[in-house]
Structures are given as C-alpha cells and as structure tokens.
Amino acid sequence: MKPESHAWLALNHRAASLLRAGFADRVLRAAREAVPTFASQFALSAATAAVCLAVVCFVHNRRVANETARNLAAWQEFAAEAQQFGQFP
Amino acid sequence: MGQLVRRAQKGDEAAQRTLVVNYQRRIAGFIYAITGRGDAVEDLAQQVFIKMIRALGRLQEVSQFEAWLFRLARNTCIDHLRRQKLRRIFTPFAAEHENIPEPPGAVGSEELDALRHALQQLPAKDRALLALAQEGRSQVEMAEATGTTVMAVKARLHRAREKLRQFYQGPHET
C-alpha cells in the first residue's frame with residue numbers, strides 16, 4: 001500500500017462529509033427547474049436589440065427634426081432681411 | 001447498474017436519485033482532490049449531477065456510465081478553475097479571498113493536510129489525472145477524458161505520481 005493511500009481515503013471521507021444532508025433531493029429539485037432554451041435566449045436578445053434600435057432611431061430623428069427647424073428659422077430670417085434690403089431704392 | 005442507468009435515462013426519478021446517492025461520496029472526493037477547496041465541493045458536485053441528469057439521455061453506451069460521469073466531473077472542475085483564474089484578472093481582491101487557506105487541522109488528519117498540500121503543488125490537469133487514477137479509471141478512459149493518447153496519459157501520470165511523492169510528506173516522514 002502506498003504511503004498516501006490512507007490520505008486518499010481520508011480525503012474522500014472528508015469530502016463526503018462536506019455534502020449536507022438531503023443533497024440528492026436538492027440536486028433533483030434543481031435539475032427539474034426549467035432550463036432556458038436557445039430559442040428563448042435568442043428571442044430575448046433579439047427583443048433587446050430591437051428596443052435599442054428603436055431608441056437610437058427615435059433620438060436620431062428628433063435631433064434631425066430640431067436641426068431642420070433651426071435651419072429653416074435661420075433661412076427665413078435671412079430671406080426676410082434680404083427682402084428688406086431689396087425694398088430700398 | 002445497467003438497468004438503473006437505463007431507468008434513469010427514461011426519466012425515472014427514483015433511479016436518478018439512487019445514482020446520485022451511490023456516487024455522491026466518490027464525486028465529492030474527486031472534486032476535493034482537484035479543487036482543494038472544501039467550500040466548492042457541494043456546489044460543484046451539484047453542478048455535476050444536474051449535468052448528469054440532463055445529459056443522461058444522450059449517453060449511448062450504458063456500460064460507459066461511470067467513465068462518462070467522471071469525465072463530466074473532471075471537465076466541470078477544470079472549467080471552474082479556469083473561470084476562477086479569469087475572474088481574478090477582473091476582480092483585484094478575488095485571489096486573496098479565494099485563496100484563504102483552510103487552517104491545518106481544520107480539514108482533518110495530518111495525512112490529509114499533507115496530501116492536500118502536495119496536490120496543490122501540482123497543475124490542475126495533473127491533479128485531475130491522479131484523481132481519475134485513484135478512482136480506478138483505465139488509461140484508455142483517462143485518455144478519452146483528457147483528449148490525449150494513452151501514451152501521453154501514461155507519461156503524464158508517471159510524472160504526476162513522482163511529483164506527488166516528492167511533495168507528499170506524511171506525518172510518519174516528518
């Protein structure tokens with residue numbers, strides 16, 4: 001018998017004592033719990049991506065609309081001033 | 001055993017429970033030998049058996065159940081150690097927290113302390129190989145479990161045993 005053989009037995013004994021009572025029941029209960037399928041995980045990822053894309057599009061459109069409104073106002077002002085200058089003889 | 005595994009494969013909960021009860025001590029010892037951490041044993045053993053129950057249906061050869069189960073346990077332990085290593089990169093104090101040694105004597109006999117100390121000096125894959133050998137797995141099964149050749153397993157196991165003997169100092173030797 002190798003000198004460490006007793007130690008291996010002690011190691012197995014110690015490890016077994018680390019499992020709390022009712023270990024097998026806990027394992028079976030955990031194994032029965034629903035596992036997320038690939039399809040459900042994919043659907044969740046797709047939904048998250050769609051929401052992010054919608055938010056990005058919304059923010060972008062708002063910025064473009066604000067910018068256009070500002071530009072139009074500036075041009076209107078400019079056109080009014082040009083008209084005023086044109087009225088002078 | 002074959003009958004029990006077949007029943008468990010069909011979803012018989014009593015058979016699954018018997019398998020867990022029959023193997024829980026050996027799997028716990030196997031995990032302890034590889035990880036060296038008492039606080040990881042129950043959690044990893046639970047992971048191994050959950051994987052076993054969920055994947056049992058895919059096991060083709062019932063006679064290979066035991067080798068398959070220990071392969072599953074080995075891979076779970078190696079993955080756990082790999083994740084731990086990765087976590088240490090991102091969490092500065094994780095290593096200190098995870099490596100708080102169990103005080104000598106707290107784990108059991110001096111022999112056990114000496115063996116744990118010796119095992120911790122070896123790489124995880126060598127510890128896994130020694131634990132597989134200790135569980136009576138053949139070199140062919142070990143080669144399958146580790147994804148190498150029988151010759152490579154033979155050489156690595158020989159080296160691991162030599163190193164273990166070098167590091168192991170039982171109470172009678174001190």
Does residue A:63 satisfy the criteria of being touching a Gly at 6+ places or on another chain (Cβ under 6 Å), farther than 25 Å from residue B:14 by Cα and in a helix (DSSP H, G or I)?
no
Positions within the range B:26-37 being within 9 Å of chain A (Cβ to nearest Cβ) and either open to solvent by less than 10 Å² (accessible area, probe 1.4 Å) or of a type in the set (A, V, I, L, M, F, W, C) (or both), in sequence order:
B:27, B:28, B:29, B:30, B:31, B:32, B:33
Here are some residues: A:23, A:38, A:85, A:42. Which one is out of contact with any Leu (no Cβ under 7 Å at 6 or more places or on another chain), of a type in the set (A, V, I, L, M, F, W, C) and closer than 28 Å to residue B:135 by Cα?
A:23
Taking the range B:81-108, which residues are at pLDDT 75 or above and either among the acidic types (Asp, Glu) or surrounded by 14 or more Cβ atoms within 10 Å (Cβ to Cβ) (or both)?
B:81, B:84, B:88
For the range B:11-25, how many residues are within 7 Å of chain A (Cβ to nearest Cβ) and either modelled with pLDDT under 90 or open to solvent by 10 Å² or more (accessible area, probe 1.4 Å) (or both)?
6
Here is a list of conditions, (1) farther than 23 Å from residue B:28 by Cα; (2) within 14 Å of another protein chain (Cβ to nearest Cβ), and residue A:74 meets all of them except one; can you say which number that is?
(2)
Among the numbered criteria (1) assigned to a helix (DSSP H, G or I); (2) surrounded by fewer than 10 Cβ atoms within 10 Å (Cβ to Cβ), which one does residue A:21 miss?
(1)
Pick from the range B:40-49 the residues that are open to solvent by less than 30 Å² (accessible area, probe 1.4 Å) and modelled with pLDDT of 90 or more: which of them is farthest from the other protein chains (Cβ to nearest Cβ)?
B:44
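Looking at residue B:118, is it over 18 Å from residue B:74 (Cβ atoms), at pLDDT 85 or above and assigned to a helix (DSSP H, G or I)?
yes
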Taking residue B:130 as the residue in question, decide whether it is surrounded by 15 or more Cβ atoms within 10 Å (Cβ to Cβ), within 15 Å of residue B:70 (Cβ to Cβ) and not polar (S, T, N, Q).
yes
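The values are calculated or read from the model by the stated rules, or taken from the named source; none is laboratory data. Keep in mind that what you see is a predicted model, and the values were worked out from it rather than measured. Cβ sites come from the backbone with ideal geometry, for glycine too, and all protein chains shown count toward neighbours. Protein only, heavy atoms only, side chains kept; ligands, DNA and RNA dropped before computing areas. Shrake-Rupley method; radii C 1.70, N 1.55, O 1.52, S 1.80 Å.
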